[in-house]
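The values are calculated or read from the model by the stated rules, or taken from the named source; none is laboratory data. From a predicted model like this one, the values you see are computed outputs, not experimental measurements. Cβ placement follows ideal geometry from the backbone for every residue including glycine, while neighbour counts extend to all protein chains displayed. When the accessible area is computed, the model is the full protein with side chains, heavy atoms only, and any ligands, DNA or RNA have been set aside. Shrake-Rupley method; radii C 1.70, N 1.55, O 1.52, S 1.80 Å.
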Amino acid sequence: MTAVTGRVAAAERGETRIADRVVAKIAAQAAKEAVEEPPADGASPRATVTVHRDAARVRVSLELGYPSDIGRQCGAVRRRVAQRVKALAGMEVPEVAVQVERLHPAGANAAHGRIR
């Protein structure tokens with residue numbers, strides 16, 4: 001038997017690949033966390049991701065309550081998604097595009113439940 005005398009550098013041991021769909025799930029959850037008051041009857045945020053080397057470009061689709069400060073909430077979503085993808089997947093996020101799919105008026109559920 002021979003003893004191993006040298007250590008292999010971490011960068012030469014192999015590679016960790018995180019699937020795009022995993023990064024998309026991280027992004028969608030981060031977007032959900034960033035929305036201040038999600039609409040009760042709204043769909044959860046969805047994300048699509050394109051990964052190239054160590055960078056992820058993210059597109060998030062979400063629904064917001066109305067009235068709300070849409071610009072501020074989209075900014076919060078962009079910051080949170082970039083932060084969480086960097087922390088959990090170790091990827092830079094040069095772009096987070098946020099698309100608001102639908103606005104839900106406040107009290108819409110109460111109005112639908114009434115009989116006139």
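Structural remarks
- Scanning segment 33-47 for residues that are open to solvent by 80 Å² or more (accessible area, probe 1.4 Å) and either within 10 Å of V81 (Cβ to Cβ) or at pLDDT below 95 (or both) yields a total of 5.
- Lone unmet requirement of (1) in a loop (DSSP other than H, G, I, E, B); (2) farther than 19 Å from P105 by Cβ for Q29: (1)
- Picking from residues in segment 48-72 that are open to solvent by 60 Å² or more (accessible area, probe 1.4 Å) and in a loop (DSSP other than H, G, I, E, B), the one that is modelled with the lowest pLDDT is R53.
- Within segment 19-46, residues that are within 21 Å of A89 (Cα to Cα) sit with their Cβ atoms under 8 Å from residues that are part of a loop (DSSP other than H, G, I, E, B), at 6+ positions apart or across chains, in these pairs: V23/M91; A28/S44; A28/P45; A31/P45; K32/P38; K32/S44; K32/P45; P45/V35.
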